[in-house]
1. What does region 71-150 give for Rg and for Dmax, in Å, if only its C-alpha atoms count?
2. With respect to the cross-link table entries Lys9/Lys138; Lys9/Lys76; Lys9/Lys80, which display a Cα-Cα separation exceeding 18 Å?
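Readers should treat all values here as calculations from the given coordinates under stated rules, not as data from a laboratory. Just so we're clear, the structure is a prediction, and the values are computed from it rather than from any experiment.
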Amino acid sequence: MIAWKYLDKQTATVSVLNDFENMTCIISLTPDGIKAVEDDMVSPRGSSVDDMPHARNLHSHEDKVLNSINKIDVLKERYKQALEFMNWFKPAWDTLSEEEQIILSEFYLVTGSKTGVVGNLSEKLYIDRSNVYRRKEKALEHLTVLLYGY
């Protein structure tokens, strides 16, 4: 497809790296989230005694069950997409050298302050600061090729 030629694959790779943490969280938290919705779906509501008349919704239990089913469907779809993402991303990531993984992790995956990343990598890898940037670009290019091809 001709449009593939014009895709900015390196920017897309940076977006993939930025999404990695979100996908990891989705995979780790979703099973508990689904269980919580299921548990809430079958538990009876507590009644409060406040001497106030209440309008009764005769279908409130059915509404609650349907709402819970919809939430579970959304959670399962997000989980499925996160698994697909990992099945696509992890083989490419695992192909990178340890140094490439360290560099890309420090620049894109580690949360927190980005000040001092170049200095930290320079000390950790025993290279000067300009080489850190060069190796980052090479690592990013390598990952881009692994993910999207040439």
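1. That works out to 15.7, 51 Å for Rg and Dmax.
2. Table pairs above 18 Å Cα-Cα are Lys9/Lys76; Lys9/Lys80.
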